[in-house]
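Novice: Handing you this structure, nothing more for now.
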Amino acid sequence: MADPTKIESVLKEERIVYPPQEGRDEAYISSKFDYEEIYRYSLSDPDGFWSERAKELITWFKLWDRTCYWDFHKPEIRWFEGGKLNACYNCVDRHLTDETRNKAAIIWQGEPDEEVKVYTYEMLHREVCRFANVLKKLGIKKGDRVSIYLPMIPELPIVMLACARIGAIHSVVFGGFSAESLKTRIQDCEAKLLITADGYWRSGRKIQSKKNADEALKDCPTVEKCIVVKRLGLDINWVEGRDIWYHEAINAEDISDWCECEEMDAEDVLFILYTSGSTGKPKGVFHTTGGYLVYVAHTLQWVFDLKPEDIFWCTADIGWITGHSYIVYGPLSLGATQIMYEGVPTYPHPGRFWELCQKFKVNLFYTAPTVIRALMRAGDEWPHKYDLSSLRILGSVGEPINPEAWWWYYEHVGRRRCPIVDTWWQTETGGFLISPLPYAIPQKPGSATLPLPGVEPIILKDDGTPADVNEGGHLCMKRAWPGMLRGVWGDPKRFKDVYFSRFPGYYYTGDGARRDEDGYFWIMGRLDDVINVSGHRLGTMELESALVAHPAVAEAAVIGYPHEIKGEAIYAFVILKEGYEPSEELRQELKQHMRKVIGPIATPDYIQFVSGLPKTRSGKIMRRILRKIVAGQYEDLGDTSTLADPSVIDELIKGREELM
Ligand code: 6R9
């Protein structure tokens with residue numbers, strides 16, 4: 001178990017930034033006083049608070065019988081029970097009024113600057129209905145799983161919404177994942193259909209998606225058909241009888257422009273999204289329709305103070321929860337106009353994001369600390385080359401934002417005018433739980449500040465008692481909120497074990513945190529063995545098993561260490577099999593292997609060949625010691641008396657010194 005009190009000193013920041021005056025009068029929540037009042041009400045009368053929000057934000061076919069029921073001991077969580085709705089109806093159909101049907105829903109920018117596509121709500125509706133009819137024609141029914149392996153092109157939200165429309169459960173797999181990762185995710189949810197593309201642009205290079213899909217599908221007997229979007233016009237392998245072109249399917253003569261929305265129960269599953277755990281295979285976190293939709297609309301509206309005339313841009317990939325909640329379901333359910341971008345922040349130049357903010361006059365901009373750090377390193381001059389005066393609010397997500405990056409973002413991007421909302425949340429939470437409200441809450445750079453209404457966090461010490469002010473501990477939640485996960489696909493035991501067993505009666509986040517004298521939360525990162533590379537959670541177990549899958553590798557231990565740009569980077573200790581010798585060539589080969597097996601984000605920055613690893617007598621790797629060695633804190637290794645073979649330490653230190 002990591003010692004949560006040991007990482008506290010990482011963030012020390014005492015400055016306070018007050019909300020701007022301009023924009024305050026029109027804000028949804030415009031003072032700390034208002035926030036406090038709403039917060040108190042939300043906890044004292046959760047049924048009242050959430051019923052009001054749910055009615056105000058979402059269109060229901062039938063209202064619910066009971067607002068919420070939850071028991072973290074069982075665990076069982078239900079919101080808006082008996083309520084009927086459809087997520088796609090809320091994201092598309094209800095915006096087809098005279099005022100908004102011709103409003104831009106998605107302004108898509110391809111990596112090549114000249115490629116821009118605008119989808120109005122009317123256009124989106126037509127496309128989604130037609131694709132929903134394609135799904136029906138292929139025999140996809142309510143409750144069936146559809147795996148989606150698409151890059152950041154408009155077809156991605158379109159096919160997700162089409163699934164939601166007919167009640168099929170989508171499982172989006174990040175387009176940068178390897179064939180192997182795709183395969184295990186398809187197998188786990190037993191998808192009937194895969195939707196992919198021929199390829200996509202990334203930093204001027206053509207990436208082949210279909211190749212990986214073909215590779216994955218070799219071992220996925222449940223998948224009957226594979227729909228392929230033609231993005232680049234690449235020469236691809238084609239499996240007759242299985243593969244179908246997206247454009248041919250959607251333009252077929254028997255496909256109509258209208259498709260009925262399936263009436264879904266509030267607790268029907270909307271989607272599955274896989275996230276890495278500390279042990280074993282990735283977890284299929286699933287969210288349900290009513291609570292999730294209410295929660296993403298509610299949090300987006302208040303935290304980004306989103307008004308109908310705003311242009312919102314969330315730079316995440318839809319393959320992660322941030323894209324699900326704040327590109328697809330949040331903005332579209334609110335009828336917003338948003339930017340969707342295919343490319344990366346630094347190509348063709350590190351001013352690309354700012355150039356796009358200028359081009360589309362973006363008002364609300366949401367990105368990750370890893371992006372901010374990379375752009376910061378490129379030089380202050382980049383954001384100053386562009387007119388960023390349209391920006392109103394800036395957001396951050398994925399990992400703790402270090403104060404240095406916070407200030408840079410505030411000064412050079414927001415020009416000291418824009419509040420920064422540092423939103424703390426997880427795949428499991430569905431939406432923001434701890435975040436400033438931009439016009440109400442004074443910000444402390446590096447702190448996610450205060451819990452949102454309806455959210456009741458608590459910090460527990462190892463023994464389960466509440467931590468004192470400024471004392472580090474485990475961040476937990478005392479009560480349920482509508483957007484929380486309802487389970488782990490096919491594994492109720494894991495759901496209970498991972499989230500509700502460490503401290504019975506609480507939701508366990510796995511993050512360390514402390515709360516300061518003003519009640520502000522300071523997140524200290526994950527306390528388990530998940531490595532957060534550029535905001536992507538990678539399970540050490542998954543990484544290690546990938547390394548061990550290489551014929552030369554006998555054993556591996558993977559450690560995250562602080563990295564200026566990526567937040568955390570990967571350091572791998574590798575024991576080679578007999579007959580293999582350490583070499584630079586092999587090191588490169590292993591890096592390539594990791595790229596292939598998991599994806600480029602899983603490439604270790606360092607690989608150290610070792611003859612042994614520090615282990616307990618029961619055979620458990622002592623990561624605590626490895627972490628200290630990687631950090632260069634050799635004097636502070638802690639208790640090594642439980643080591644099976646303490647002599648291994650000297651060799652590890654020597655190797656580390658040669659490498660870093
Ligand atoms: C939304 C998302 C969740 C983990 C979470 C925490 C870290 C996310 C953060 C943050 C500090 C923030 N995290 N936002 N840490 N401040 N504003 O990233 O979901 O991929 O599931 O990761 O990311 O450690 O537990 P997910």
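Only the coordinates and a few stated rules stand behind these numbers; no lab work does. Worth saying up front: this structure is predicted, and the values here are computed from it rather than measured. For neighbour counting, all protein chains shown are included, and Cβ atoms are generated from backbone atoms with ideal geometry for every residue, glycine included.
Novice: Can you work out D for segment 244-305 in µm² s⁻¹ from Stokes-Einstein, where Rh is the Kirkwood radius over C-alpha pairs, the temperature is 4 °C and the viscosity is 1.567 mPa s?
Specialist: 84
Novice: Another question about this same structure. Going by amide H atoms built from the backbone, whose H comes under 5 Å of the H on Met524, apart from near neighbours?
Specialist: Long-range HN contacts for Met524: Gly512, Ala513, Arg514.
Novice: Something else now. Whole-Hz Karplus ³J(HN,Hα) for segment 551-562, in order, using 6.51 cos²θ - 1.76 cosθ + 1.60 and θ = phi - 60°, x for Gly and Pro?
Specialist: Taking θ as phi minus 60°, the curve returns x, 7, 9, 8, 8, 8, 10, 10, 10, x, 9, x Hz for segment 551-562.
Novice: Percent of Cα-Cα pairs per 5 Å bin, from 0 to the last occupied bin, for segment 414-511, please list those.
Specialist: 2, 12, 20, 21, 18, 12, 7, 4, 2, 0
Novice: For segment 343-502, what are Rg and Dmax over the alpha carbons, in angstrom?
Specialist: According to the Cα coordinates of segment 343-502, Rg and Dmax are 18.4, 54 Å.
Novice: Sorted by average packing, counted as other Cβ atoms within 10 angstrom per residue and highest first, what order do 326-333, 345-352 take?
Specialist: Going from most to least packed, we get 326-333, 345-352.
Novice: As a test, work out the antiparallel percent of DSSP beta bridges whose residues both lie in the chain, rounded to the nearest 5.
Specialist: If I count the DSSP bridges inside the chain, around 60 percent turn out antiparallel.
Novice: If you place +1 on the Cβ of every Lys and Arg and -1 on the Cβ of every Asp and Glu, how big does the dipole about the Cα centre of segment 536-660 come out, in debye to the nearest 20?
Specialist: Value, rounded to 20: 500 debye.
Novice: Give me Rg over Rh for the chain, both radii from the alpha carbons and Rh done the Kirkwood way, two decimal places.
Specialist: Here Rg/Rh amounts to 0.95.
Novice: Would you kindly derive the ³J(HN,Hα) couplings of segment 292-301 from the backbone phi angles with the Karplus curve 6.51 cos²θ - 1.76 cosθ + 1.60 (θ = phi - 60°), listing them in order in whole Hz, with x for Gly and Pro?
Specialist: Those phi angles translate into 4, 5, 4, 5, 5, 5, 4, 5, 5, 4 Hz.
Novice: Report the Cys residues of the chain lacking a disulfide-compatible partner, meaning no second Cys Cβ under 4.7 Å from their Cβ.
Specialist: Cys68, Cys88, Cys91, Cys163, Cys189, Cys220, Cys226, Cys261, Cys314, Cys357, Cys418, Cys476
Novice: Where does each of 590-601, 298-309, 107-118 land if you order them by average Cβ count within 10 Å, highest first?
Specialist: The densest-packed peptide leads the list: 298-309, 590-601, 107-118.
Novice: If you don't mind, there's one more thing I want to ask. Using a basic spin-label model with each label point 7 Å from the Cα along Cα→Cβ, how many nm lie between Lys230 and Lys74?
Specialist: The answer from the label model is 5.2 nm.
Novice: Could you derive backbone 3J(HN,Hα) for segment 158-168 from the dihedral phi with the Karplus parameters 6.51, -1.76 and 1.60 (θ = phi - 60°), listing whole Hz in sequence and x where the residue is Gly or Pro?
Specialist: 4, 6, 4, 5, 5, 4, 4, 4, 9, x, 7
Novice: Do you know the relative contact order of segment 81-175, to the nearest whole percent, from alpha carbon pairs under 8 angstrom that are 6+ apart?
Specialist: Once divided by the residue count of segment 81-175, the mean separation gives 28 percent.
Novice: Hey, another quick one. Starting from 0 in steps of 10 Å, tell me what percent of the Cα-Cα pairs of segment 91-148 lands in each bin.
Specialist: Percent of pairs per bin, in order: 21, 34, 33, 11.
Novice: Okay, moving on. Which residues' amide hydrogens lie under 5 Å from the amide hydrogen of Arg231, considering only partners 5 or more residues apart or on another chain, with H built in the peptide plane?
Specialist: Asp198, Gly199
Novice: Let me ask something else. Segment 375-421 to segment 507-558: how many Å between their Cα centroids?
Specialist: Between the Cα centre of segment 375-421 and that of segment 507-558, the gap is 27 Å.
Novice: With +1 assigned to the C-beta of every Lys and Arg and -1 to the C-beta of every Asp and Glu, and no other charges, what is the dipole magnitude of the chain about the Cα centre in debye, to the nearest 20?
Specialist: Here the chain has a charge dipole of around 640 debye.
Novice: Of all DSSP beta bridges located in segment 514-660, what percent are antiparallel, nearest 5?
Specialist: 80
Novice: Relative to the Cα centre, what is the charge dipole magnitude of segment 400-494, using +1 at the beta carbon of each Lys and Arg, -1 at the beta carbon of each Asp and Glu, and rounding to the nearest 20 debye?
Specialist: 380
Novice: Multiply the residue separation of Glu471 and Thr640 by 0.36 nm, subtract the distance between their alpha-carbon atoms, and state the gained length in nm to one decimal.
Specialist: 58.2 nm
Novice: 5 Å is the cut-off here: which amide hydrogens, built 1.01 Å from N in the peptide plane, fall below it relative to Gln608, excluding neighbours closer than 5 in sequence?
Specialist: Placed amide hydrogens put Ala572, Phe573, Val574 under 5 Å from Gln608.
Novice: If you don't mind, another one. Label segment 155-248 by shape, choosing from rounded, prolate and oblate, from the square roots a ≥ b ≥ c of the eigenvalues of the Cα gyration tensor; if a/c is under 1.5 it is rounded, and otherwise prolate applies when a/b is larger than b/c, oblate when it is not.
Specialist: Judged from the Cα gyration tensor, segment 155-248 comes out rounded (a/c under 1.5).
Novice: Would you mind putting 651-658, 266-273, 288-295, 405-412 in packing order, based on average other-beta-carbon counts within 10 Å, highest first?
Specialist: Per-residue mean Cβ counts within 10 Å order the peptides as 288-295, 266-273, 405-412, 651-658.
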